[in-house]
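Student: If you scroll down you'll find the structure; I have some questions about it.
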Amino acid sequence: MKFLVTGAAGFIGYHVSRRLLADGHQVMGIDNLSDYYDVSLKKDRLKGLLDYETFSFHKLDLADHQGISSFFSGEEVERVIHLGAQVGVRHSLKNPLTYAEANLIGYLNVLEGCRKNQVAHLLYASSSSVYGLHRNLPFSTDDTANHPVSLYAATKKANELMAHTYSHLYRLPTTGLRFFSVYGPWGRPDMALFKFTRAILNGEQIDIYNSGEMLRDFTFIDDVVETIIGLQDIIPSSDAGWTVETGSLGASSAPYRIYNIGNSQPVKLMDYIGALEDALDIKAEQNFLPMDPSDMLETSADMQAVYRVIGYKPKTSIKEGIKCFVEWYRKHYQC
């Protein structure tokens, strides 16, 4: 099968592309190789993908309407896994326009490409951050998610709304993936595990917000990939019996679905740090800070919907996952 993976040089995009290639599919990867974080890490990921003859890389900016339109019209794309975006919750407070360009204009260009070229299924990255001020745990796709606390989260909620519009108007099958704190080898340098590991190895303090009194549903990358691979074969269909008044908020009368992609076993932040200290065999110097207004206090994913459709449950414990990341980090950075 012929897949387009946007953000192919990114953390999740790299792992998903590698799995699809290993399964014998053809993958076209798009990425603009932005300098939001270390470009050399993105290029190192690409090296691993370019080893496959069935992978092709296209350096394109999602916000480039003509470039994305030309790409779609020149390729017979069967399915799209859209993982390219401007990421980072705190960064969205400082550079809001980049989020509008990548996550709104760029996403619209992908939707248009899928519509005009009759793509069979669009899966796209949303985020657990859309739950915002929601407090009932675990978070369910049957819950409302109308009060985000960061611009990043707001753009991801907008993506879900845009997807529904295209599913309703043009019968484009779309599946939204609300990721919960994904971590693992080849992870992003702006995320907690990477930053903590680098700081601890350098003998520097780690910043811990809200005195560590936070709960996160950390999800290992292998479990995320397994879930995405399963869901790409579950193409949403129209449901004439669905209504706004009685139906699930994660579904629709249109060929539209949303799923949580989490671990369903939230972990206290201080326990997460403790597991990292054990893996490194180094105690961290800790710098406690107040709660950041763009942060969520707790996250926890209700994964029942995913289990019902693909029968998969995450398998990787925090200790296993962090140990795997630390082994990769030491090998990759030779430290």
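The values are calculated or read from the model by the stated rules, or taken from the named source; none is laboratory data. It should be emphasised that the depicted structure is a prediction, and the values quoted were computed from it without experimental measurement. Every residue, glycine as well, gets a Cβ built from its backbone with ideal geometry; the counts of neighbours run over all protein chains shown. Note: areas computed on protein heavy atoms with side chains; ligands, DNA, RNA excluded. Shrake-Rupley method; radii C 1.70, N 1.55, O 1.52, S 1.80 Å.
Student: Looking at the range 154-216 from every direction and averaging, what is the projected area of its Cα convex hull in nm²? Working shown, then result.
Tutor: Details: hull surface 25.5 nm².
Taking a quarter of the hull surface, the average projection is 6.4 nm².
Student: Explain nothing, just the number: relative contact order of the chain, from Cα pairs under 8 Å at least 6 residues apart, as a whole percent.
Tutor: Numbers: 655 pairs, mean separation 59.6, N = 335.
It comes to 18 percent, rounded to a whole number.
Student: If contacts are Cα pairs under 8 angstrom and at least 6 residues apart, what is the relative contact order of the range 177-232 in percent? Could the numbers behind the result be given before it?
Tutor: Values: 29 pairs, mean separation 28.0, N = 56.
Result for the range 177-232 is 50 percent.
Student: If you count only protein heavy atoms with a 1.4 Å probe, what accessible area per residue comes out for the chain, rounded to a whole Å²? Walk me through the numbers on the way to the answer.
Tutor: On the way: 14700 Å² over 335 residues.
For the chain, the solvent-accessible area averages 44 Å² per residue.
Student: Quick one: if you stick a label point 7 Å off each Cα along the C-beta vector at D64 and S211, how many nm between them?
Tutor: 5.1 nm
Student: Just subtract the alpha-carbon distance of R115 and L137 from 0.36 nm times their residue separation and send over the number in nm, one decimal.
Tutor: Values: separation 22, 0.36 × 22 = 7.92 nm, distance 3.59 nm.
Extra length from R115 to L137 when fully extended: 4.3 nm.
Student: If you don't mind, another one. Taking a 1.4 Å probe, which of D233, D64, D295 shows the most accessible area, and what order do the others take after it?
Tutor: If we order D233, D64, D295 from most to least accessible, we get D233, D64, D295.
Student: Ranked highest first by average number of other Cβ atoms within 10 Å, how do 215-221, 99-105, 324-330 line up? Intermediate results must be reported in sequence, preceding the final value.
Tutor: Values: 215-221: 23.6, 99-105: 18.9, 324-330: 17.3.
For the peptides 215-221, 99-105, 324-330, the packing ranking is 215-221, 99-105, 324-330.
Student: Same structure again: Please work out, to two decimal places, the log10 of the ratio I(q)/I(0) at q = 0.14, 0.20 Å⁻¹ from a Debye calculation in which every Cα of the range 274-319 carries one identical scatterer.
Tutor: These q points yield log10 I(q)/I(0) values of -0.69, -0.91.
Student: Once R0 is set to 30 Å, what does the formula 1/(1 + (r/R0)^6) return for the Cβ-Cβ distance between K43 and K2, expressed as a FRET efficiency to the nearest 0.05?
Tutor: Working: r = 24 Å, r/R0 = 0.81.
E(calc), rounded to 0.05, equals 0.80.
Student: Could you tell me what percent of the accessible area of the range 56-121 is made up of carbon and sulfur, with a 1.4 Å probe and every protein chain present?
Tutor: On the way: 1590 of 3110 Å².
Here carbon and sulfur together make up 51 percent of the probe-accessible area.
Student: From the convex hull of the Cα coordinates of the chain, what is the mean projected area in square nanometres? Show your work: numbers first, answer last.
Tutor: Details: hull surface 63.8 nm².
One quarter of the hull surface, i.e. the mean projection, equals 15.9 nm².
Student: While we're on this one: Roughly how many percent of the accessible protein surface of the range 150-238 is carbon and sulfur, given a 1.4 Å probe and a whole-percent answer? All intermediate terms of the calculation are to be shown ahead of the outcome.
Tutor: Details: 1540 of 3040 Å².
Reported share for carbon and sulfur atoms: 51 percent.
Student: Amide H to amide H under 5 Å from G247: which residues, 5+ apart in sequence or cross-chain, H placed 1.01 Å off N in plane?
Tutor: none
Student: Whole angstrom only: what separates the Cα centroid of the range 53-127 from the Cα centroid of the range 245-316?
Tutor: 25 Å
Student: Continuing with this model, one more query. When the accessible area of the range 10-54 is split by element with a 1.4 Å probe, what percent falls to carbon and sulfur? It would help to have the intermediate numbers written out before the result.
Tutor: On the way: 860 of 1980 Å².
Reported share for carbon and sulfur atoms: 43 percent.
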